[in-house]
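*Asks:* Let me give you the structure first, and then I'll get to my questions.
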Amino acid sequence: MEWMLPNTADADPRWFAGDPADLVEAMATLLQSSIRPEWHARAACRGGGPAIWYPERGTSAEMALARCKACTVRAECLEAGQSELHGVWGGMSPRERRRAARLAKRQADAEAQGRLAPDPQAPIYELMARRKRSEVHASGS
């Protein structure tokens, strides 16, 4: 590939003197590597459209959550989605991620004060228990 950058106002607008397919391929590779993290190639969500991962307000995210259950990179996805305001990341909705982050912070604060033994899964288990309680309450049982 030969690159010729214009250095004057009257330079030829065709500044790339190579096969256009090479340029397209190079740009696609650059774009892909800058957008997707390495683990995304192994994610269960690959190939699916964004509609199930970003459900409209008031609609269920169950389809996305079901695909996440079997995903091998769920932890990486959850970490990547911690700052995301929308969408399902790592098998959690935005509300669940905020709740889990609050629980993790409370646990870390308590551990720093010597009140709890370290248990890295405690926030997730507590979140799951709350979800079950809310489902039972919503069903009227």
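*Asks:* Of everything in segment 59-71, what is surrounded by 11 or more Cβ atoms within 10 Å (Cβ to Cβ) and touching a residue at least 24 places away in the same chain (Cβ under 8 Å)? Give them in sequence order.
*Replies:* 61, 64, 65, 68, 71 - these are the residues of segment 59-71 that are surrounded by 11 or more Cβ atoms within 10 Å (Cβ to Cβ) and touching a residue at least 24 places away in the same chain (Cβ under 8 Å).
*Asks:* Does segment 26-45 contain at least one residue that is more than 13 Å from the chain's Cα centre (by Cα) and among the acidic types (Asp, Glu)?
*Replies:* no
*Asks:* Give me the pairs: first residue in segment 33-58 and in the same structural domain as residue 84 (by TED's automatic domain parsing), second residue of a type in the set (Lys, Arg) and in a helix (DSSP H, G or I), beta-carbon distance under 6 Å, and six or more apart or on different chains, which are they?
*Replies:* Short answer, once both residue conditions are applied: 44/67.
*Asks:* Inspect segment 34-52 for any residue being hydroxyl-bearing (Ser, Thr, Tyr), part of a helix (DSSP H, G or I) and modelled with pLDDT under 85 and give the result as yes or no.
*Replies:* Kept after step one, since they are hydroxyl-bearing (Ser, Thr, Tyr), are these residues of segment 34-52: 34.
Then keep just the ones that are part of a helix (DSSP H, G or I); that gives 34.
Those left that are additionally modelled with pLDDT under 85: 34.
There is at least one residue in segment 34-52 that is hydroxyl-bearing (Ser, Thr, Tyr), part of a helix (DSSP H, G or I) and modelled with pLDDT under 85.
*Asks:* Moving to a separate point now. Being charged (D, E, K, R) and more than 20 Å from residue 40 (Cβ to Cβ) is the requirement here; does residue 99 meet it? Can you show your working first?
*Replies:* Details: charged (D, E, K, R): yes; more than 20 Å from residue 40 (Cβ to Cβ): yes.
Yes; evaluated as a whole, the condition is true for this residue.
The values are calculated or read from the model by the stated rules, or taken from the named source; none is laboratory data. Worth saying up front: this structure is predicted, and the values here are computed from it rather than measured. Counting neighbours? That spans all protein chains shown, and the Cβs are built from the backbone with ideal geometry, glycine included.
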